[in-house]
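**Q** Starting off with a structure, shown below.
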Ligand SMILES: NC(=O)c1ccc[n+]([C@@H]2O[C@H](COP(=O)([O-])OP(=O)(O)OC[C@H]3O[C@@H](n4cnc5c(N)ncnc54)[C@H](OP(=O)(O)O)[C@@H]3O)[C@@H](O)[C@H]2O)c1
């Protein structure tokens, strides 16, 4: 039996927790800031109802084999306040967040070798507390190795595919290139169709070129045509699809701008690579 505690049962966390409950060898606990009584997941293949243990007070549960963090990145510090009660000497923390610096984000609280970064690919939204809509297949990617073997085993008999990558760095930067370009949607508050406008696409390409240059300096292998590939992805999306940065800005919520574009600026400075487009986007989105 694997004891798993998931912090942050929003769109991704709620989907993952409900899916983990399908494996009878998992004992699943959910740490919820906004309480609910059970998880209801709409998947493309039908509905799932799951009954994980739900806690909202530290002390209501003890150390787990696995702690999965699925909050937004800007809530990492508040998620980590739970570690004192949840993380024991044998606990591994899996970070299910976007970005490229998952391990750095949590290394203040535990040794790096006990942190597993996870790339999440699954269009998912929260309908209400405890009610999640999964709009497509769920794929989790983790760096190959012993932790990955153990993490993958948690998802046996669930609707989530978990795969290992021998080149996690390149995969994470590839995804960051897509997410970094999405800042243009958030700036102009226009959905995916804006990429069909050549002026917007030009700015998106410049953001991707900067991101890819920094990614290559960090060791990622990225195609020389990556900017065009990213534009093609946006142009292939339903014209009215809204990325999460855009949705958060439109709703007046905090945004994961540090994770998407701020990190490009920060690591660009480290490598002496100019990132004026990303820098400007961060500045414009963080004006009070
Ligand atoms: N949604 C997607 O389709 C998608 C796809 C790929 C990757 N991602 C990435 O996945 C990560 C999670 O995104 P999301 O869309 O799932 O976010 P979300 O729907 O906003 O869910 C975040 C959850 O974290 C909870 N939370 C925050 N601080 C907490 C704390 N201290 N203790 C307990 N719970 C806490 C929130 O509680 P409340 O209920 O009180 O708000 C919420 O339930 C992000 O890095 C995102 O970029 C998302």
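The values are calculated or read from the model by the stated rules, or taken from the named source; none is laboratory data. Not measured: the values here are computed from a predicted model. Every residue, glycine among them, receives a Cβ derived from its backbone with ideal geometry; neighbour counts consider all protein chains shown.
**Q** Taking the residues in the range 51-60 that are in a loop (DSSP other than H, G, I, E, B) and at pLDDT below 95 as candidates, determine which candidate is nearest to residue 13 (Cα to Cα).
**A** For the range 51-60, the residue satisfying everything is 56.
**Q** Okay, moving on. Which one is nearest to the ligand (Cβ to nearest atom), of the residues in the range 151-190 that are outside any helix (DSSP H, G or I) and in contact with a strand residue (DSSP E or B) (Cβ under 7 Å, 6 or more places away or on another chain)?
**A** The residue in question is 160.
**Q** Could you look through the range 104-114, keep only residues that are under 18 Å from residue 65 (Cα atoms) and within 15 Å of the ligand (Cβ to nearest atom), and pick out the one that is surrounded by the fewest Cβ atoms within 10 Å (Cβ to Cβ)?
**A** 109
**Q** Let me ask another. Provide a single number: the residues in the range 241-258 that are surrounded by fewer than 18 Cβ atoms within 10 Å (Cβ to Cβ), part of a loop (DSSP other than H, G, I, E, B) and within 10 Å of the ligand (Cβ to nearest atom).
**A** 2
Yes/no matrix, rows are residues, columns are (1) within 11 Å of the ligand (Cβ to nearest atom); (2) at pLDDT 95 or above; (3) within 23 Å of the chain's Cα centre (by Cα); (4) part of a loop (DSSP other than H, G, I, E, B):
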{"residue": "33", "(1), (2), (3), (4)": "yes, no, yes, yes"}
{"residue": "49", "(1), (2), (3), (4)": "no, yes, no, no"}
{"residue": "62", "(1), (2), (3), (4)": "no, no, no, yes"}
{"residue": "71", "(1), (2), (3), (4)": "yes, yes, yes, yes"}
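**Q** Regarding residue 85, is this residue in contact with a strand residue (DSSP E or B) (Cβ under 8 Å, 6 or more places away or on another chain), modelled with pLDDT under 95 and farther than 20 Å from residue 125 by Cβ?
**A** no
**Q** Identify all residues within the range 35-45 that are modelled with pLDDT of 95 or more and closer than 18 Å to residue 68 by Cβ; write none if there are none.
**A** 39, 41
**Q** For residues in the range 88-97 being surrounded by fewer than 20 Cβ atoms within 10 Å (Cβ to Cβ) and modelled with pLDDT of 95 or more, which is farthest from the ligand (Cβ to nearest atom)?
**A** Of everything passing the filter in the range 88-97, 92 is farthest from the ligand (Cβ to nearest atom).
**Q** Still on this structure: Whether any residue in the range 14-22 is within 29 Å of residue 135 (Cα to Cα), assigned to a loop (DSSP other than H, G, I, E, B) and away from the ligand (no atom under 16 Å from the Cβ) is what I want to check.
**A** Scanning the range 14-22 turns up at least one residue that is within 29 Å of residue 135 (Cα to Cα), assigned to a loop (DSSP other than H, G, I, E, B) and away from the ligand (no atom under 16 Å from the Cβ).
**Q** Sticking with this structure for a sec: For the range 120-150, which residues satisfy the criterion of being more than 8 Å from the ligand (Cβ to nearest atom) and in a strand (DSSP E or B)?
**A** 127, 128, 131, 132, 133, 134, 138, 139, 140, 141, 142, 143
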